[in-house]
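The values are calculated or read from the model by the stated rules, or taken from the named source; none is laboratory data. What you see is a predicted model, and the numbers here were worked out from it, not measured in a lab. Cβ placement follows ideal geometry from the backbone for every residue including glycine, while neighbour counts extend to all protein chains displayed. These area figures cover heavy atoms from the full protein model, side chains too; ligands, DNA and RNA do not enter into them. Shrake-Rupley method; radii C 1.70, N 1.55, O 1.52, S 1.80 Å.
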Amino acid sequence: MAAVFRGKVRTVASWSRRLSTQQHSGPQESPTGGELLATRGRRQRKDPSDRSVLLFPGQGSQFVGMGRGLTKYPNVKEMFSAAENILGYDLLSLCLKGPEKELQKTVHCQPAVFVTSLAAVEKLHHENPKAIETCVAAAGFSVGEFAALVFAGAMDFSEALYAVKVRAEAMQKASELTPSGMLSVVGRPQAQYKYACLQAKEHCKSLGIEQPICSVANYLFPDGRVIAGHQQALDFLQQNSRTLQFMRTKPLPVSGAFHTELMASATEPLREVLRQVELRRPEISVYSNVDGKRYMNESHIRRQLVRQLVSPVKWEQTLHEIYERTQGERFPQTYEVGPGKQLGATLQKCNRKASQSYSHVDVTPTEPQL
């Protein structure tokens, strides 16, 4: 298995932040590898507004037509061609033409969001190379974390995409074992999410469900959560939303209870493929969904990416960690690279001042202001 996997992914191009910066600028303009590490301390003493942060979206941001505005940029067609070799189907056609029902499937949308987001990096680098060259931090939401690690030089594009493929397939299988889902919730300040989940689990037990699962899967912003678990638990939360002090609830168009214990069966396939992937220490700060802290080394990356499947995405905590500043200090430029603008919306709710320096790198033909 290891030999087949190694041969398969190494026959196609490896794309990383290091490769991207080398292809468009001279070596003095685009420090990479050891040079980035050597200059990191010096950069942090400069005006923070001259630095940049990249945010990579996750599953749920996909839409038919994404990528149409990216194929004219260097490397993008090659990336989608490499993806076709790894995945065994035409990912670019699926992104551009659908059908939507196929794109929405976990096994397809995770690779689609991953590749489209890194293609958006190529566009950003072509339109605004300084944004790439001055980047000091990156973070990704769920599967977006793999794209952030590729951008930071910790993983090669092809190997990371293969890992995403295995991850998506394993999560799809796990979701088919139990009727489950995810519910977006905006609560009042007095809402008690853990207590609400406890009540929902008690309801499930009354229906004869043994060991029901219902827990916070995503911490998005103050009073903004995604709760996931057995479908009967989510139905209970919706039916009792007013009593539970929920102002708004909305089921998400996903197939399972991601980032809960219902994904436990998906952890071993991901752990196994990550053992075979070559990892490096990130060249810039990359933050883990599990605890909002920076990745320290290769073993840390392997451990946290597996834990992420069954742990809540602590996105709100991650944003606080990235944008923590002393009073009066300016904020870096933030770019959301990939489909959708959800991460920009959460940034605005978590840190309004930081969001004033936010831009979205569009993945459709409409040209954004970069």
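Antiparallel DSSP bridges in the chain: what percent, to the nearest 5? Mind dumping the intermediate values first?
Values: 19 of 37 bridges.
If I count the DSSP bridges inside the chain, around 50 percent turn out antiparallel.
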Query raised in the report: Which value in nm describes the separation of the simple spin-label points at residue 330 and residue 90, placed 7 Å from the Cα toward the beta carbon?
Result: 4.8
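Note down the net charge around residue 270, summing +1 for each Lys or Arg and -1 for each Asp or Glu among other residues with Cβ under 11 Å from its Cβ.
Working: positive: 165, 167, 271, 275, 302, 307; negative: 169, 268, 272.
In short, +3.
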Query raised in the report: Expressed as a whole number of Å, what is the distance separating the alpha-carbon centroids of segment 222-269 and segment 93-118?
Result: 23
Report summary line: Given unit charges at Cβ for Lys, Arg (+) and Asp, Glu (-), the dipole magnitude of the chain about its Cα centre in debye, nearest 20, is 620
Report summary line: Once all protein chains are kept in place, residue 171 shows an accessible area at probe 1.4 Å, nearest 10 Å², of 0
Query raised in the report: Using a cut-off of 15 Å between alpha-carbon atoms, which aspartates and glutamates can reach residue 173, once sequence neighbours fewer than 8 places away in the same chain are excluded?
Result: 261, 268
Requested in this report: Quickly estimate the mean residue ellipticity at 222 nm for the chain, helices only: each DSSP H run with n ≥ 4 gives -39500 (n - 2.57), and the total goes over all residues, rounded to 500.
Outcome: -13500 deg cm²/dmol
Report summary line: Lys and Arg at +1, Asp and Glu at -1: neighbours of residue 317 with Cβ under 10 Å from its Cβ sum to -1
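What's the carbon and sulfur percent of the chain's accessible surface, probe 1.4 angstrom, rounded to a whole number? Please list the in-between numbers first.
Numbers: 7540 of 15800 Å².
With neighbouring chains kept in place, the figure for the chain is 48 percent.
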Requested in this report: Please tell me the relative contact order of the chain in percent, rounded to the nearest whole number, where contacts are Cα pairs under 8 Å and at least six residues apart.
Outcome: 23
Query - residue 227 accessible area, assembled protein chains, probe 1.4 Å, Å² - result: 0
Query raised in the report: Can you list the equivalent-ellipsoid semi-axes of segment 151-297, largest first and in whole Å, using the square root of 5 times each Cα gyration tensor eigenvalue?
Result: 32, 19, 11
Query raised in the report: Between 245, 138, 170, whose Cα lies farthest towards the positive end of the dipole of the chain when Lys and Arg beta carbons carry +1 and Asp and Glu beta carbons carry -1, centred on the Cα centre?
Result: 245
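Give the peptides 350-362, 157-169, 322-334 in descending order of average Cβ contacts within 10 Å, highest first.
Details: 350-362: 17.9, 157-169: 23.7, 322-334: 14.8.
Averaged packing, sorted descending, gives the order 157-169, 350-362, 322-334.
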Report summary line: Most fluctuating of 181, 344, 208 in the GNM of the chain (C-alpha, under 10 Å) is 208
Query - Cα gyration tensor category, rounded, prolate or oblate, for segment 177-252 with a/c compared to 1.5 - result: prolate
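What is the sum of charges, Lys and Arg at +1 and Asp and Glu at -1, for the other residues whose Cβ falls under 11 Å from the Cβ of residue 215? Before the final figure, lay out the partial values.
Values: positive: 194, 201, 225; negative: 261.
Charge balance near residue 215 sits at +2.
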Query raised in the report: In square angstrom, what is the accessible area per residue of the chain with a 1.4 angstrom probe?
Result: 43
